[in-house]
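Chemist: Pasting a structure here, questions to come.
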Amino acid sequence: MSKQQSMFPEIVEKYFRKVVTKVTEKYNGEKQKPVLLYKTMLTEEYSADLSWEAAELNNVILAADVVSMDASIPLKKRGSIGTASGKLAKVALKFRKGEKEITDLNIMASRGTKENEIAAKTLNDVPRCIGGIEYRNEMLFEEALSTGSMCVEYGEDNDGVGIRVTFVPEKNEVNALVADWVKHPNIATPREDVQQLFDLADDNQSVVGLAMISKKYFEAFRKSRSGKELVANFERRDFTDKTVLPTPGKTVFLQALEDEYGVEFRIVDNTFKVQLPSGKEKSVRPWVDANIVLLPQEVIGRFVYGTLAEETNPVDGVKYEKSGSAILISKYSHNEPALEELTAGQELALPVLDGANSIYILHANVVNEGAISVEEENASLSFSNAKSTKAIEVDYRGAEANLTAFADDDFVTVTLKGNKLTIACAANSADKAPARNTVITVTDGVNECQIGVTQAANE
């Protein structure tokens, strides 16, 4: 399929550059929503050899499933991305106007429709191309920033091949101490969870300059008991465990967070629409809601871009314009297998996080084992056949008032006060009574710890 000049050459010649320039300014301006974080948090860097390996990435390990960069541009609304190992990712998408739309434009012209109206309809795919690529860049960046890695993949119709880039080491990631903030707000410990992340950064002598959190988990923290107490302390209000505290407003809660942890907390709340291989659209939130991220500063990496082959080897008859430094927009037509007018966008680029050893991630929806625990020697208790009592201590990461304890069998009675668990065994006094066993469970309703109990036989 050969590319040919647009079927509306006068319109393209007169308005194409103006439209690309206007759309580019809009996508770089304050009116753009959602806010494109990569525009302010990455610095642009040109790569002549199309490699993202040129600069030091602080022990970054990168692995790739390879797909040829010479593949044709898929015809769909969302950008599909291919890469060769060690090279920048290619984002490309295009939009078509079929015979019906072309005929409609010709009829408009023959009826004397104003030129600017015809131009608007002829070039209405330009903002879709620019926006689609800009949004794909943002989705990759938010995924990388919130998870420590990003997966740039084609899709089901291309066997899922692509590239996965890992930035943040696992040692810089921690989990919630007790429970998911959203699913179990009554026992979750947001304040302590975030503090352990700052403690980890401090232990590693890392400077923290910015914290980022999703709107969903910001709201969970704000409405939690620890969030309310945080603001009460910030406002120097007296309260007890039984005091009913109001839910603080967003502004004062952000102020209290900065006062508590010493850095600005920034809320991320972007949603994008993408088209699946089936043609259906779905909304995507690239920032993983449950992940809270600490950064050394706002500018956290580079947006590395290169020169497209078609930019240095333009096709005769095709009209080209650049949007920003990296995006190449083209306008052309063809008549095989059917008459079509096309607008295409391409980019060779990849967001790269630098200083990854100074980035820290809290997974506020994941809890490691051991939220409730006892010393190893107390995990299994033995009692004589006589009536007897033992007391042990329970270690719990949350508020001890949330704990309850029970035994599976009624020959054992358990009492829990604070973190002290008392186990009382009734006498096993029946003639020739065999040994008996049961299990004690200590739980907060989500986590649990089990203690085995064995009582000797009465021989």
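Chemist: Taking 0.36 nm per residue of separation and subtracting the Cα-Cα distance, what length does fully extending Asn335 through Ala427 add?
Modeler: Length gained, Asn335 through Ala427: 23.7 nm.
Chemist: Between Glu10 and Gln195, what is the label-to-label distance in nm when each label sits 7 Å out along the Cα-to-Cβ direction?
Modeler: 7.4 nm
Chemist: Right, next: Express in % the proportion of alpha carbon pairs of segment 247-338 at distances exceeding 18 Å.
Modeler: Value for segment 247-338: 73 percent of Cα pairs lie more than 18 Å apart.
Chemist: At what distance in angstrom do the alpha carbon centres of segment 436-459 and segment 259-273 lie from each other?
Modeler: About 44 Å separates the Cα centre of segment 436-459 from the one of segment 259-273.
Chemist: Then there's this: Mind checking the full-extension length gain between Asn313 and Asn458? Use 0.36 nm per residue of separation minus the Cα-Cα distance, one decimal, nm.
Modeler: Fully extending the segment from Asn313 to Asn458 adds 42.8 nm.
Chemist: With respect to the cross-link table entries Lys22/Lys280; Lys114/Lys331; Lys18/Lys216; Lys183/Lys273; Lys114/Lys280, which display a Cα-Cα separation exceeding 32 Å?
Modeler: Going by Cα-Cα distance, Lys18/Lys216; Lys114/Lys280 fall outside the 32 Å limit.
Chemist: Then there's this: Take His334, His184 and sort them by solvent-accessible surface of the protein heavy atoms, 1.4 Å probe, largest at the top.
Modeler: From most exposed to least exposed: His184, His334.
Chemist: Just the number, please: carbon plus sulfur as a percent of the accessible area of segment 305-459, 1.4 Å probe, no ligands or DNA/RNA counted.
Modeler: Answer for segment 305-459: carbon and sulfur cover 45 percent of the accessible area.
Chemist: Related question: Return the equivalent ellipsoid semi-axes of segment 195-276 as a descending list in whole Å, where each equals the square root of 5 times an eigenvalue of the C-alpha gyration tensor.
Modeler: Those come to 25, 20, 11 Å.
Chemist: Give me the extension gain from Gln205 to Cys151: residue separation times 0.36 nm, minus the current Cα-Cα distance, reported in nm with one decimal.
Modeler: Separation in residues times 0.36 nm, less the Cα-Cα distance, equals 16.5 nm.
Chemist: Moving on. Rounded to two decimals, what is the ratio between the C-alpha radius of gyration of segment 164-208 and 2.2 N^0.38 Å?
Modeler: Against the empirical 2.2 N^0.38 Å value, I get 1.37 for segment 164-208.
Chemist: From largest to smallest, what semi-axes in whole angstrom does segment 302-456 give when each is the square root of 5 times an eigenvalue of its alpha carbon gyration tensor?
Modeler: For segment 302-456, the semi-axes come out at 74, 18, 12 Å.
Chemist: Which value, in Å³ per residue, describes the convex hull spanned by the Cα atoms of segment 236-288?
Modeler: Dividing the Cα hull volume of segment 236-288 by its residues yields 154 Å³.
Chemist: Considering only DSSP beta bridges where both residues belong to segment 128-266, give the percentage that are antiparallel (nearest 5).
Modeler: Bridges in segment 128-266 that DSSP calls antiparallel: roughly 60 percent.
Chemist: Continuing with the same structure: Given C-alpha coordinates of segment 341-399, what is the ratio Rg to Rh with the Kirkwood estimate of Rh?
Modeler: 1.47
The values are calculated or read from the model by the stated rules, or taken from the named source; none is laboratory data. From a predicted model like this one, the values you see are computed outputs, not experimental measurements. Note that each Cβ is placed from the backbone with ideal geometry, even for glycine, and that neighbours are counted across all protein chains shown. Please note that ligands, DNA and RNA were not included when accessible areas were found on the heavy atoms of the full protein model with its side chains. Shrake-Rupley method; radii C 1.70, N 1.55, O 1.52, S 1.80 Å.
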